[in-house]
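The values are calculated or read from the model by the stated rules, or taken from the named source; none is laboratory data. The shown structure was predicted, so the numbers you read here are calculated from the model rather than taken from an experiment. Ideal geometry is used to build each Cβ from the backbone, glycine not excepted, and the neighbour counts take in all protein chains shown.
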Amino acid sequence: MKFIHITDLHLIAPGSPLWGIDAHANMTGCLADIARWHADAEFCIISGDLTDKAEPEAYDWLRRELEILPMPVHLMVGNHDHRQTFRASFPGAMCDAQGFVQGAFDTSAGRFILLDTVKSGSSAGELCEHRMNWLTGELSRAHDKPAWLFMHHPPCDVSIPYMDRIKLDEHEAFAELIANHSNIRHIFFGHVHRAVFVNWNGIACTALPSLCHQIPLNMEATEGKPYSTGPALYGVVLVNDGQTTVHFEHFNERGPAAM
């Protein structure tokens, strides 16, 4: 089975760059590349920070652009998004009974569970009691099937101090909860704007770069600026024969090597 993972679009109202980067051009190029080379993917998941300022125009632009993809797209929210504004543009998006933008669906590879980790007024993540209970229920419904978790905020440190301070607040409770479920195969997250692999408590975790600005491993490397430019990538994930392979696809400036 093949699926696509994209994260941290940071779209703003069309017509303006963000941090000197044209996030709209990157998103358009990304979607065109997926439609051309990976139309056989079963679905695409975009794991939050769809916009930078939660502007309605940015959500509306994204809704129109996503029409190019031939597969279902499952959208999540991040700390830069606003649930109500997002849902106004995407009324059919998955949502639970309490209004959190989260849901689950079954595939040939197992149950995919998409979490809403947004904490109001904070860049850090949150899983309140309701969301923890919801996750427990979805994991129980998976029974013995493999479970794949998606969340915007990482549940663990990534060894970047200023990012580790704004990971999931309830990381210890989350670790205790999932320790009771041996069928979790992989956790995917965004937020850190980097390609990162972590083996956390025996569970493989993968993060992707942003489609806009990136976060340097050492802030000093950007001479005091908070962000850096870098290749915009999306993930192509292959699941077969007990193996999960994550490819980081660089869609810009693709061409033959110079002789």
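Structure notes:
- Which numbered condition Ala173 fails, given (1) at pLDDT 90 or above; (2) of a type outside the set (Val, Ile, Thr); (3) under 21 Å from Ile46 (Cβ atoms): (3)
- A single entry from Asn199, Asn252, Asn180, Asn240 fulfils the requirement of being loosely packed, with under 14 Cβ neighbours inside 10 Å, within 30 Å of Met1 (Cβ to Cβ) and within 19 Å of the chain's Cα centre (by Cα): Asn199.
- Enumeration of residues in the range 1-15 that are more than 15 Å from Tyr59 (Cα to Cα) and of a type outside the set (D, E, K, R): Met1, Phe3, Ile4, His5, Ile6
- Hey, Asp164 modelled with pLDDT of 95 or more, over 23 Å from Ile4 (Cβ atoms) and acidic (Asp, Glu) or not: no
- Residue in the range 219-227 that is within 30 Å of Asn133 (Cβ to Cβ), among the acidic types (Asp, Glu) and surrounded by fewer than 16 Cβ atoms within 10 Å (Cβ to Cβ) present: no
- Residue in the range 25-42 that is in a loop (DSSP other than H, G, I, E, B), more than 30 Å from Thr244 (Cβ to Cβ) and touching a helix residue (DSSP H, G or I) at 6+ places or on another chain (Cβ under 9 Å) present: no
- Residues located in the range 1-23, provided they are in a strand (DSSP E or B), under 16 Å from Gly48 (Cβ atoms) and not aliphatic (A, V, I, L, M): His5
- One residue alone among Thr206, Thr245 is more than 22 Å from Ala104 (Cβ to Cβ) and part of a strand (DSSP E or B), and that residue is Thr245.
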